[in-house]
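Student: One structure, pasted below without further comment.
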Amino acid sequence: VVASYYALVSHVDDQIGRILAAVDALGLRENTLILFTSDHGEHLGDHGLAAKGPPGLDSCARVPLIVSYPARFGPLGVRDELIEAVDLAPTILDLCGVQTPPVMQGRSFRGLLEGTDYTPRRSAFIEHRVPFGASWKTVVSQEHKYCVSNRGEELLFDLTRDPHELHNVAGAPEYAGTLAGMRAELLRRWFDVERQYLLRTAAY
């Protein structure tokens, strides 16, 4: 399974290389916005799991994000700011000078790319739901990750001490304050997401 996964990664790398070679051959690299990312990762035996799935562990939830636009900004190196997948569309629109629809989820990180005013996200929000089955909601900050299921299961990881998310400290007394804070942050982000629906303007 692991060998097959890495073979697929190598195949994707080769095809991206072909696209970038064509962009270079046409002399378009400097003024072309290029973004590379993925919708999810894969558990490759991490935590005893395979393929994608809940509850939002890094081996599945964290994905690559590579951005290039030489005419607008130079190499930024590796950054650790929290970015959500819903931030990509507003950022593309912003860089293209197109107004982002007010009902669109996400926020532009153009300021981060150009080195201008940018307020980093306090947390990233992750959802996973199986129809008529288990569902999980996760919120992750720079220091902690909190996951809760529709069955009441809770996971809390101290990412500074346990970056591989091997020790659930949700029940540890010394983390009671952190647990309460992450519960509140998850509720804040949950309500934030639910504010985004289109306004009803007719009977439809």
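Student: Can you give the convex hull volume of the alpha carbon atoms of the range 1-94 per residue, in Å³?
Tutor: 116 Å³
Student: How big is the Kirkwood radius of the range 130-169, worked out from every pair of different alpha carbons and given in Å to one decimal?
Tutor: Working: mean 1/r = 0.0929 Å⁻¹.
Computed over the range 130-169, the radius equals 10.8 Å.
Student: Find the accessible area per residue for the chain; the probe is 1.4 Å, ligands and nucleic acids are left out, and the unit is Å². All intermediate terms of the calculation are to be shown ahead of the outcome.
Tutor: On the way: 13180 Å² over 204 residues.
Counting only protein heavy atoms, the per-residue value for the chain is 65 Å².
Student: What is the dipole size for the range 17-129, taken about its Cα centre, with +1 at each Lys and Arg Cβ and -1 at each Asp and Glu Cβ, in debye to the nearest 20?
Tutor: Value, rounded to 20: 100 debye.
Student: ³J(HN,Hα) across the range 36-41 via Karplus (A = 6.51, B = -1.76, C = 1.60, θ = phi - 60°), whole Hz, x for Gly/Pro?
Tutor: 10, 7, 8, 7, 6, x
Student: Same structure, new question: May I ask you to order 140-151, 108-119 by the average number of other C-beta atoms within 10 Å around their residues, highest value first? Provide the component values of the computation, followed by the final result.
Tutor: Working: 140-151: 18.3, 108-119: 15.2.
Ranked by mean Cβ neighbours within 10 Å, highest first: 140-151, 108-119.
Student: A further question on this structure: Under the rule a/c < 1.5 gives rounded, and otherwise a/b versus b/c splits prolate from oblate, where does the range 82-159 land using the Cα gyration tensor?
Tutor: Values: a/c = 4.35, a/b = 1.74, b/c = 2.49.
The shape class here is oblate.
Student: Remind me, relative contact order of the range 1-140 in percent, using alpha carbon pairs under 8 angstrom and six or more residues apart?
Tutor: Numbers: 156 pairs, mean separation 27.5, N = 140.
Once normalised by length, the contact order is 20 percent.
Student: Could you calculate the FRET efficiency of Thr160 with Ala50 from 1/(1 + (r/R0)^6), where r is the beta carbon distance between them and R0 is 35 Å, rounded to 0.05?
Tutor: 0.80
Student: How much of the accessible area of the chain, in percent, comes from carbon and sulfur atoms when a 1.4 Å probe is used?
Tutor: Accessible surface attributable to carbon and sulfur in the chain totals 58 percent.
Student: Regarding the range 106-204, what's the average projected area of the Cα-atom convex hull, expressed in nm²?
Tutor: 9.8 nm²
Student: Among Pro55, Ala184, Leu33, pick out the residue whose Cα is farthest towards the positive end of the charge dipole of the chain, where Lys and Arg carry +1 and Asp and Glu carry -1 on C-beta, about the Cα centre.
Tutor: Going by the charge dipole, the pick is Ala184.
Student: If you don't mind, there's one more thing I want to ask. What's the Cα-based Rg to Rh of the chain, Rh via Kirkwood? Walk me through the numbers on the way to the answer.
Tutor: Details: Rg = 19.4 Å, Rh = 19.5 Å.
Across the chain, the Cα-based Rg/Rh ratio is 1.00.
Student: For Thr100 and His11, compute 0.36 nm times the residue count separating them, minus their Cα-Cα distance, and round to one decimal in nm.
Tutor: Between Thr100 and His11, full extension yields an extra 28.6 nm.
The values are calculated or read from the model by the stated rules, or taken from the named source; none is laboratory data. On a predicted model such as this, the values are computed, not experimentally measured, just so you know. Glycine also receives a Cβ, built like all others from the backbone with ideal geometry; neighbour counts cover every protein chain displayed. The area values use the complete protein model at the heavy-atom level, side chains included, leaving out ligands, DNA and RNA. Shrake-Rupley method; radii C 1.70, N 1.55, O 1.52, S 1.80 Å.
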